[in-house]
Amino acid sequence: MKFTVAIDGPAAAGKGTLSKRVAAEFGFAHLDTGLLYRATGARVLDGADPVSAAQNLTPEDLARDDLRTTAVAQAASKAAAIPQVRAALVQFQHDFAGREGGAVLDGRDIGTVICPDAQVKLFVTASDTVRAERRYLELSGKGQDVTREGVFRDLTERDARDREREAAPLAAAQDAVVIDTSHMTIEDAVAAAVAAIRTAL
């Protein structure tokens, strides 16, 4: 059975956690497409050309332990605005989405560009203030030297770049189910996502 769930949304809205839980619930494979861009960004910070980095990603690149840093996130967002970088990573995502047994892909353009024919499209969002606080707690909890103000600034700058880029801007698909997690527990958000998927199944 081929069944694709596309989950989009801005940073720290909860789509990663939601995607993993949904994939586990239904036994689907899961791909955090942001890791592809983060790995590319990390290679760029190492001195690689963005397009070459995207075309030559290895499993080791996806397993690096620095992919969740603010510097890599910013580099990833800049790399993602380059059409040739996106083109290099699109085929990987298409192949994953078409696998047997079901697939959950989360990112920023899955429902609009990568998998416009996905059986279920979810757009997970939350207020800027809530998302920035979540990201601050996540990063500071890992020992990173960050401030609430700095995290908020980085987050909103990245959002603006992702929404305004010409290639596959961040946006909810017209037929996406919107889940605003600003005042939801993760259990409530998972329940909403699971309900939408069960309806489609």
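General observations
- Against the list (1) surrounded by 18 or more Cβ atoms within 10 Å (Cβ to Cβ); (2) in contact with a helix residue (DSSP H, G or I) (Cβ under 9 Å, 6 or more places away or on another chain), the condition residue 111 fails is (2).
- Restricting the search to helices (runs of 4 or more DSSP H) fully inside region 1-64 and requiring at least 3 residues that are touching a residue at least 40 places away in the same chain (Cβ under 8 Å) and among the charged types (D, E, K, R) gives 15-26.
- Complete set of residues in region 138-177 that are of a type in the set (A, V, I, L, M) and either surrounded by fewer than 14 Cβ atoms within 10 Å (Cβ to Cβ) or within 30 Å of residue 200 (Cβ to Cβ) (or both): 160, 167, 168, 170, 171, 172, 173, 176, 177
- Matching residues in region 20-50 - criterion: being among the β-branched types (Val, Ile, Thr) and in contact with a strand residue (DSSP E or B) (Cβ under 6 Å, 6 or more places away or on another chain): 22, 33
- Taken over region 178-191, the criterion of being surrounded by fewer than 19 Cβ atoms within 10 Å (Cβ to Cβ), in contact with a strand residue (DSSP E or B) (Cβ under 7 Å, 6 or more places away or on another chain) and of a type in the set (A, V, I, L, M, F, W, C) is satisfied by 178 alone.
- Residue match in region 52-61 (condition: within 15 Å of the chain's Cα centre (by Cα) and either modelled with pLDDT of 95 or more or under 16 Å from residue 90 (Cα atoms) (or both)): no
- Qualifying residue in region 160-181 (condition: out of contact with any helix residue (DSSP H, G or I) (no Cβ under 6 Å at 6 or more places or on another chain) and hydroxyl-bearing (Ser, Thr, Tyr)): no
- Some residue of region 14-36 being among the small types (Gly, Ala, Ser), farther than 15 Å from residue 104 by Cα and at pLDDT 95 or above: no
To keep it simple, each residue is scored yes or no on (1) surrounded by 15 or more Cβ atoms within 10 Å (Cβ to Cβ); (2) modelled with pLDDT of 90 or more; (3) under 22 Å from residue 163 (Cβ atoms); (4) touching a Leu at 6+ places or on another chain (Cβ under 8 Å).
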{"residue": "67", "(1), (2), (3), (4)": "yes, yes, no, yes"}
{"residue": "79", "(1), (2), (3), (4)": "yes, yes, yes, no"}
{"residue": "91", "(1), (2), (3), (4)": "no, no, no, no"}
{"residue": "98", "(1), (2), (3), (4)": "no, yes, no, no"}
{"residue": "102", "(1), (2), (3), (4)": "yes, yes, no, no"}
{"residue": "105", "(1), (2), (3), (4)": "yes, yes, yes, yes"}
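- Candidates in region 143-201 are the residues that are in contact with a Phe, Trp or Tyr (Cβ under 6 Å, 6 or more places away or on another chain) and without any contact (Cβ under 8 Å) to a residue 60 or more places away in the chain; of these, the one that is nearest to residue 78 (Cα to Cα) is 148.
- Failed criterion for residue 96 (all others in (1) within 25 Å of residue 139 (Cβ to Cβ); (2) part of a helix (DSSP H, G or I) hold): (1)
- Residues of region 101-123 that are within 19 Å of residue 158 (Cβ to Cβ) and either among the polar types (S, T, N, Q) or in a loop (DSSP other than H, G, I, E, B) (or both): 108, 109, 112.
- Residue 68 being in a loop (DSSP other than H, G, I, E, B) and without any contact (Cβ under 8 Å) to a residue 40 or more places away in the chain: no
- Residue among 193, 189 that is modelled with pLDDT of 90 or more, in contact with a Leu (Cβ under 6 Å, 6 or more places away or on another chain) and closer than 20 Å to residue 134 by Cα: 189
The values are calculated or read from the model by the stated rules, or taken from the named source; none is laboratory data. Computed from a predicted structure; not experimentally measured. A quick note on method: Cβ atoms are made from the backbone with ideal geometry, for glycine too, and the neighbour counts reach across all protein chains shown.
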